[in-house]
Structures are given as C-alpha cells and as structure tokens.
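**Student:** Questions regarding the structure given below will be posed in turn.
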Amino acid sequence: MKLQRFLLTIDGISTLTGKASAWLMVVLTAVVCYDVFMRYVLNSPTLWAFDVSYMLYGTVFMMCGAYTLAQNGHVRGDFLYSAMRPRKQAAIDLALYIVFFFPGILALCYAGIGYASESWSLNEHSSLTSGGPPLYHFKTVIPIAGALVMLQGLAEVVRCVMCLRTGVWPERLKDVSEIDIVATQLEQSTLVDEADRKRVIESVHKVERTDAAQNKGGR
C-alpha cells in the first residue's frame with residue numbers, strides 16, 4: 001500500500017504540472033491571433049510574437065512529458081507489446097528504462113543546467129529579431145522538465161519491479177482519455193454485451209426446445 005501511495009503521489013505531481021502547463025496553449029493561441037491581426041489587418045507585424053510562440057510551445061512540450069509518461073501515453077509498438085504477458089512487458093520496460101531512458105534524461109538534465117546557467121550569466125536574449133525577448137527563463141525549463149520526467153521514470157521502474165513480482169501492473173492515477181480510445185472501449189463493451197445477450201437468448205431457446213421435445217415425447 002505504501003508503494004502504491006508513492007506511485008500515485010508521483011502520478012499526481014506529473015498530472016498537476018502537465019495540466020498547469022497546458023494552459024499556456026491558451027496564451028499561445030492569443031499571441032498567434034494577435035500577431036495575425038496586427039500583420040494582416042493593421043499591416044504592423046510584431047517583432048516578438050515568433051520568439052514568444054516557440055518558447056510557449058516548447059515549454060508546453062517539455063513540461064507535459066512527465067504527464068504523458070504518467071498516463072502511459074508515449075508511443076510504443078503496441079501491436080507486439082500488447083500481446084505480451086504483463087511480466088514480459090515489465091521486463092522489457094525495465095531494460096529499456098535502464099539502457100536508454102535514464103542515460104538520456106540524465107544527459108538532458110546535465111546539459112539543461114549548463115544551458116540555463118550560461119544563459120542567466122549572459123542575460124541572454126533572442127537574436128532572431130532586434131530586441132528579442134529573454135531566453136534564460138525558457139532555457140531554465142529544460143532541467144526542470146528533465147527532473148520531472150526523471151521522477152516519473154523512477155515511479156515507472158517501481159511499477160515494473162512490482163509487476164515482475166506480482167504479475168499484475170499496479171494501478172495508475174487515471175485521467176481523461178482520447179476520444180478514439182473511449183469510442184473503441186465503448187464499442188468493445190457494446191459488442192461484449194450484445195454477444196452475452198445473444199448467448200443468453202440462444203440458451204433460453206435451447207431450453208424451450210428441449211422442454212417442448214420432452215413434453216411431446218411424454219404425450
């Protein structure tokens with residue numbers, strides 16, 4: 001129970017940061033709309049909108065990485081993986097986390113700290129436009145996002161170990177699902193219910209036919 005509480009706590013941290021960062025998409029939409037209006041309606045394009053837009057999008061992309069991992073939403077070869085038993089899935093995941101995930105995320109955190117500290121020391125600003133916005137805030141997101149993904153990765157490793165011991169994947173903190181996934185689940189549920197209904201009806205009809213034959217034979 002303690003390990004499950006630990007896993008759900010980390011899932012909660014990743015979910016909270018991911019959902020909070022997702023609101024930046026509203027700001028990004030407003031910036032793009034403002035720039036389009038200024039450029040094509042007033043013929044007075046902004047000098048900062050491009051820099052701000054890629055920084056906002058990059059922040060959302062990085063800060064939602066831990067949330068996506070917590071929801072098991074990253075891309076994988078499901079056509080092979082889904083056919084495996086849970087213990088085999090856990091063994092493959094654990095090996096991939098150790099060989100690829102942790103070295104890559106550690107390198108991201110290490111490089112990100114260097115980029116951020118250098119940017120702050122130089123008071124770095126964007127050079128794409130004259131008087132571009134500061135970049136040190138944006139580069140600080142790199143090690144923060146890396147640390148959050150690393151934390152969620154530790155939780156995933158614990159999940160793999162627990163699955164190897166029990167043969168069952170530990171529970172995740174559930175959140176919203178994509179519409180196509182929900183539709184597929186509903187369709188499968190409907191098909192199962194329909195199949196059960198037909199099976200029950202056929203059983204009832206079989207019993208009725210048997211009783212009718214017995215009654216006929218008794219006469």
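**Student:** Using the structure shown, decide if residue 121 is farther than 24 Å from residue 158 by Cβ and loosely packed, with under 11 Cβ neighbours inside 10 Å.
**Tutor:** The answer is yes for residue 121.
**Student:** Looking at 182, 161, 149, can you tell me which residue is at pLDDT below 65, closer than 23 Å to residue 14 by Cβ and either hydrophobic (A, V, I, L, M, F, W, C) or assigned to a helix (DSSP H, G or I) (or both)?
**Tutor:** 182
**Student:** Can you pull out the residues in the range 40-68 that are modelled with pLDDT under 90, part of a helix (DSSP H, G or I) and farther than 27 Å from residue 108 by Cβ?
**Tutor:** 49
**Student:** From the set of residues in the range 1-43 that are loosely packed, with under 13 Cβ neighbours inside 10 Å and among the basic types (Lys, Arg), which is farthest from residue 56 (Cα to Cα)?
**Tutor:** Filtering first and then ranking leaves 2.
**Student:** Okay, next question. If I filter the range 69-97 down to residues being part of a helix (DSSP H, G or I) and without any contact (Cβ under 8 Å) to a residue 12 or more places away in the chain, which single residue comes out as surrounded by the most Cβ atoms within 10 Å (Cβ to Cβ)?
**Tutor:** Once the filter is applied, the top-ranked residue is 92.
**Student:** Follow-up question, since we're still on this one. Looking at (1) in contact with an Asp or Glu (Cβ under 6 Å, 6 or more places away or on another chain); (2) assigned to a helix (DSSP H, G or I), which is the only condition residue 173 fails?
**Tutor:** Unmet for residue 173, out of (1) in contact with an Asp or Glu (Cβ under 6 Å, 6 or more places away or on another chain); (2) assigned to a helix (DSSP H, G or I): (2).
The values are calculated or read from the model by the stated rules, or taken from the named source; none is laboratory data. Being a predicted model, the structure only gives us computed values, none of them experimental. Note that we place each Cβ from the backbone using ideal geometry, even for glycine, and neighbour counts take in every protein chain shown.
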